[in-house]
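The values are calculated or read from the model by the stated rules, or taken from the named source; none is laboratory data. Remember, predicted model here, so these are calculated numbers, not experimental data. Because the Cβ atoms are built from the backbone with ideal geometry, glycine has one as well, and the counts that use them run over all protein chains shown.
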């Protein structure tokens, strides 16, 4: 279900809503299926608001309560499913060229990400997170197409601790951050075939100095896996002409989710502090009033 039954009404009244109601309305607009299937408290948690805000939203648009909104979305979802089932088996149903192209692409990506939760892969991710979380200092390395993965990993953790460094800098000076690194430190390195020469050499240098290397890579026998203490193996195949980094990004996010609670940091306070600093710097766009 791509659109909910109240989309037009919510969109029409969105600009006049207080900020917290806007957050609740944004969730409803973006996640119509979840509105039908999840409890009000689960939806409030995902939206980042209180459950009373969800109830206020329902009253704001003229409903008695949030159960009325869920009922509308549940009925719409049932109607969509019933229509799809009829169309699927209709003898004269026209071929949906758009879905025939998009569906397999997204299905492949979803399967690759889901594979990270298999027992063997999950055990590797857990062990890797334990190793990274206990490090004195944590380095993140990925070059060329793997840079977004390393950058995303570093960016997420840097909101929680100052003990993480991205090994990337103008003029090829990112490696300078490794001066003094050794036993007690750890490095997440991301590399898939064809492997960037600099990635392998920097990881080898770190391993020689006693840095615990954790790799997100594409094979148990890749050059990174052979020197890493823990390896998370992801697939690269896609239904297009390029290799996908989506599974590697998912692996990095899974690591952060496991590392964060293990840091000597109050996660909620750290994130709130970061939000306040960014607000002071006026980093993000806010609607004019």
Just wondering, is there one or more residues in segment 260-273 that are at pLDDT 80 or above, in contact with a strand residue (DSSP E or B) (Cβ under 8 Å, 6 or more places away or on another chain) and surrounded by 14 or more Cβ atoms within 10 Å (Cβ to Cβ)? no
Check off (1) part of a loop (DSSP other than H, G, I, E, B); (2) touching a residue at least 24 places away in the same chain (Cβ under 8 Å) for residue 190 and give me the number that stays unchecked. (1)
Scan of segment 115-149 for residues that are assigned to a helix (DSSP H, G or I) and without any contact (Cβ under 8 Å) to a residue 60 or more places away in the chain, ordered by number: 117, 119, 120, 122, 123, 144, 147
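Residue-by-condition table, conditions (1) modelled with pLDDT of 85 or more; (2) touching a helix residue (DSSP H, G or I) at 6+ places or on another chain (Cβ under 8 Å); (3) under 30 Å from residue 243 (Cα atoms):
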residue: 7; (1), (2), (3): yes, yes, no
residue: 31; (1), (2), (3): yes, yes, yes
residue: 85; (1), (2), (3): no, no, no
residue: 91; (1), (2), (3): no, no, no
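Out of 145, 136, 163, which single residue is under 19 Å from residue 228 (Cβ atoms), at pLDDT 85 or above, surrounded by fewer than 20 Cβ atoms within 10 Å (Cβ to Cβ) and in the same structural domain as residue 234 (by TED's automatic domain parsing)? Explain how you work it out, then say what you get.
Details: 145 fails: under 19 Å from residue 228 (Cβ atoms); 163 fails: under 19 Å from residue 228 (Cβ atoms).
Going through 145, 136, 163 in turn, the sole match is 136.
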Scanning segment 150-159 residue by residue, those touching a residue at least 12 places away in the same chain (Cβ under 8 Å) and in contact with a strand residue (DSSP E or B) (Cβ under 7 Å, 6 or more places away or on another chain) turn out to be 150, 151, 153, 154, 157
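Name the residues in segment 33-52 that are surrounded by 20 or more Cβ atoms within 10 Å (Cβ to Cβ) and part of a helix (DSSP H, G or I), would you? Outline the logic, then answer.
So in segment 33-52, the residues surrounded by 20 or more Cβ atoms within 10 Å (Cβ to Cβ) come out as 35-36, 43-44, 47, 49.
Result: 35, 36, 43, 44, 47.
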Looking at (1) more than 25 Å from the chain's Cα centre (by Cα); (2) closer than 25 Å to residue 116 by Cα; (3) part of a helix (DSSP H, G or I), which one does residue 225 not meet, given that it meets all the others? (1)
